[in-house]
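Have a look at the structure below, then the notes.
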Amino acid sequence: MAMIAERLAEVRRRIAEAAARAGRNPEAITLVAVSKGMSDDAVLAAHRAGQRVFGENRPEALARRLAGPLPDDLEWHLVGHVQRRKAKLALGAAMIESLDRLRLAETFVRLGVPLPPMLVEVNLAREPQKHGFDPDDLDEALDRLVDLGLSIRGLMAIPPRPRRPEDSRPWFAMLADLAERLRSAHPELTELSMGMTDDFEIAIEEGATIVRVGRAIFGPRPGVDEAPPAR
């Protein structure tokens, strides 16, 4: 577990250096430590090292974390796909980063309870195996989401897996450009969640305000991350 503190410090150093290259304040960048598949002890080790914002991919995993023995000062983001039948389990999140379709938004609203702020997931490359709104549909979708009363804070994307970090730059630039264009009608879109272990520095250089990092902090998940590149 001591390695987690060392890895976390290294990730923070890399965030600061990437921000400096882009002329940005590193304090304006939120690091989400994605703890998918990791033990509570691993989360506690990161917490002892000063990390407070964590991410889970599945609503049921988020619910288990919230009901478990972890400290109350952790802020949890839901960063993965939400099935509509599990929407209620997502409501404990401080932010839902993966609002990927209108039917899910309508399901959230029908729950009739206060909802956390959300990010709209965009399928930049229109990959059939991935979730998210088509970039061409964002204007209409955002109007509908606002009409539903949702608090939409920005955009999120998972671009195609890069062979090298630089491969992600065009996708991150595309998301930043989309957000800039959409802010004329939706100035509330202040957050850009993009970049993971393999490419978060490139994302910061292109304007990310949130980066989602798992393996670089917690190490590989057995049976999942042995063969790089993993995300």
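What the table shows:
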{"read-out": "Single unsatisfied condition, A20 versus (1) surrounded by fewer than 17 Cβ atoms within 10 Å (Cβ to Cβ); (2) hydrophobic (A, V, I, L, M, F, W, C); (3) within 17 Å of the chain's Cα centre (by Cα)", "value": "(3)"}
{"read-out": "Per-region count, the range 142-189, residues in a loop (DSSP other than H, G, I, E, B), within 17 Å of the chain's Cα centre (by Cα) and of a type in the set (A, V, I, L, M)", "value": "2"}
{"read-out": "Scope the range 202-219; condition charged (D, E, K, R) and either crowded, with 21+ Cβ neighbours inside 10 Å or assigned to a loop (DSSP other than H, G, I, E, B) (or both); matching residues", "value": "E206, R212"}
{"read-out": "All positions within the range 157-169 that are more than 17 Å from D100 (Cα to Cα), surrounded by 13 or more Cβ atoms within 10 Å (Cβ to Cβ) and not small (G, A, S)", "value": "R161, P162, P165, D167, R169"}
{"read-out": "Some residue of the range 30-50 being out of contact with any helix residue (DSSP H, G or I) (no Cβ under 6 Å at 6 or more places or on another chain), in a loop (DSSP other than H, G, I, E, B) and closer than 17 Å to D73 by Cβ", "value": "yes"}
{"read-out": "Per-region count, the range 2-48, residues within 20 Å of P59 (Cα to Cα), touching a residue at least 60 places away in the same chain (Cβ under 8 Å) and not hydrophobic (A, V, I, L, M, F, W, C)", "value": "3"}
{"read-out": "Residue match in the range 44-54 (condition: at pLDDT 95 or above, polar (S, T, N, Q), buried (at least 17 other Cβ atoms within 10 Å of the Cβ) and over 20 Å from I152 (Cβ atoms))", "value": "yes"}
{"read-out": "Search result, residues across the range 129-141 that are outside any helix (DSSP H, G or I) and either surrounded by fewer than 19 Cβ atoms within 10 Å (Cβ to Cβ) or of a type in the set (V, I, T) (or both)", "value": "Q129, K130, H131, D134"}
{"read-out": "Residue list for the range 26-76, restricted to those being polar (S, T, N, Q) and in contact with a Ser or Thr (Cβ under 9 Å, 6 or more places away or on another chain)", "value": "T30, N57"}
{"read-out": "Selected residue [surrounded by fewer than 21 Cβ atoms within 10 Å (Cβ to Cβ), of a type in the set (A, V, I, L, M, F, W, C) and under 22 Å from T197 (Cα atoms)] from L115, L111, L66, L74", "value": "L74"}
{"read-out": "Residues within the range 127-160 that are touching an Asp or Glu at 6+ places or on another chain (Cβ under 8 Å) and more than 25 Å from A94 (Cβ to Cβ), tallied", "value": "1"}
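The values are calculated or read from the model by the stated rules, or taken from the named source; none is laboratory data. Note that the structure is predicted; figures quoted are calculated from it, not measured. Every residue, glycine as well, gets a Cβ built from its backbone with ideal geometry; the counts of neighbours run over all protein chains shown.
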